[in-house]
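Taking it in order: structure first as structure tokens, then the write-up.
Here, each number is a calculation from the coordinates, and none is a lab measurement. These numbers were taken from a predicted model, which means no experiment stands behind them. Note: ideal-geometry Cβ built from the backbone for every residue, glycine included; neighbour counts use all protein chains shown.
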Amino acid sequence: MKNLARQHIATLLDRARRLRILVVGDVMLDHFIWGRVTRISPEAPVPVVELLRESQMPGGAANVARNLSALGARVELLGVTGRDAAGRQLLTLLEADRVDCRHWLSIARRATTCKTRIIAHQQQVARVDRETPGDLDSSSTERLLEGVRQRLPGAAAVIVGDYGKGVVTQALLNELRSLCRQQGTWLSLDPKPVRHLDLAGLSLITPNRKETFELAGLDDARRGEEPLADTSLSQAVNQLMSTFAPALLLVTLGDQGMLLCRRGRPPFHIPTAAQEVFDVSGAGDTVIASFTLAIAAGASPADAAVFSNHAAGVVVGKVGTAVVTPAELLVRFSASR
């Protein structure tokens, strides 16, 4: 695997502190109930979880913003919450993480998306979702876009976090794409195939393997091959490059690492940097945040892929949606030499 010198990483992280990045998309609150199981319920064959503690963290596009801030960038988040306790708690958490939320929307008729995960002995037992289904209305979309228009000049990049909660509509994406082209601004997107959006002409798309096949409209005939020898994966990648023509396609492959795809060049495989995996929640958020930040700081696509692979390797070694700090990343690169 290609490695990067610690000094190069330090330079990228230093440049990151001078960058301002916009994050637009579906924000949510990740609520964790931590407990232990000592018996099965007499009412039904389900475990009884004894509550030990609770915690809350920003999720979705809010976790992307949190990851950027942890790596030193100035971050402005444009999303939608309800006028409820979950929305207020999310704002409090993001303010503590130094994320600027002045341009997001609070809408009375929508509930703040909240995912409650019940975890016992480091294993997820169940998840409960609270959300308002359906797309954001056109008036609210325009208000969100007005915030983007105000803040886009001088921004190093825009990241769109689509988690299928209704904020990232085709109208929103079309205008973001147009605005970024006019300004010459990098535009990254983490797609959700269920949305069936036209993703053509973006700077970066970061699907995982399952999403890659869904976006390509193909079945995954995986046979356990190495990514560069995986013909089914190659076919899906070629389909996406042909259909959407992104400048870069970064496919995350779990324990097989990542595959970086560029027009006119052979794919570049980066083996996983994870040493221990406790929780993959939010790892995709770390990937798109760290890759985009590295590109904005002047890294080549290959170096950005290695950078983001190591960043993800840190967060999957933590339980719950997590972030990586510059100090952790520098230690990780020093240890990998």
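Quick rundown of the values:
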quantity	calculated
Order by protection proxy (mean Cβ within 10 Å, highest first), peptides 19-25, 117-123	19-25, 117-123
Selection from P47, V27, L93, by position along the positive dipole direction of the chain (Cβ)	L93
Whole-Hz ³J(HN,Hα) from phi, Karplus 6.51 cos²θ - 1.76 cosθ + 1.60, for region 119-129, glycine and proline x	10, 10, 6, 6, 10, 6, 8, 7, 9, 10, 10
Local net charge near G284, Cβ-Cβ under 10 Å (Lys/Arg +1, Asp/Glu -1)	-3
17 Å tail of the calculated P(r), region 156-206, as % of Cα pairs	25 percent
Calculated on alpha-carbon atoms, Rg and Dmax of region 163-240 in Å	14.3, 44
For T212, T272, order by how many other beta-carbon atoms lie within 10 Å, fewest first	T272, T212
Long-range HN-HN contacts of R110 with modeled amide H, under 5 Å	R83
Kirkwood-based Rg to Rh ratio, the chain, C-alpha trace	0.96
Residue order, fewest to most beta carbons within 10 Å, for D220, D303, D285	D220, D303, D285
Integer Hz, Karplus 6.51/-1.76/1.60 couplings in order for region 259-270, x for Gly and Pro	10, 9, 10, 10, 4, x, 9, x, x, 10, 9, 10
Which of H196, H310 has the fewest Cβ neighbours within 10 Å, and the rest in rising order	H196, H310
Amide hydrogen neighbours beyond the local backbone of V24, cut-off 5 Å, H modeled	L78, I159, V160, G161
Loop-located trypsin sites (Lys or Arg not before Pro) in region 146-253, at most 11 other Cβ atoms within 10 Å (DSSP)	R222, R223
From phi via Karplus (6.51, -1.76, 1.60), per-residue ³J(HN,Hα) for region 51-63 in Hz, x at Gly/Pro	5, 10, 6, 10, 8, 9, 9, x, x, x, 4, 5, 6
Alpha-carbon Rg/Rh ratio, for region 7-61, with Rh computed the Kirkwood way	1.33
Residue-averaged 222 nm ellipticity for the chain, from DSSP H runs of 4+ at -39500 (n - 2.57), nearest 500	-11500 deg cm²/dmol
Partners for K115 among aspartates and glutamates (Cα-Cα distance below 15 Å; same-chain residues under 8 apart left out)	D26, D30, E54, D84, D129, E131
Charge sum, other residues only, whose C-beta stays under 9 Å from L233's C-beta, Lys/Arg counted +1 and Asp/Glu -1	-1
Surrounding net charge for R209, when Lys and Arg each add one and Asp and Glu each subtract one, Cβ distance under 12 Å	-3
Nonlocal amide H pairs with V125, under 5 Å, H built at 1.01 Å	I118, I119, A120
Filtered chymotrypsin sites (Phe, Trp or Tyr not before Pro), region 1-105: DSSP coil and at most 15 other beta carbons within 10 Å	none
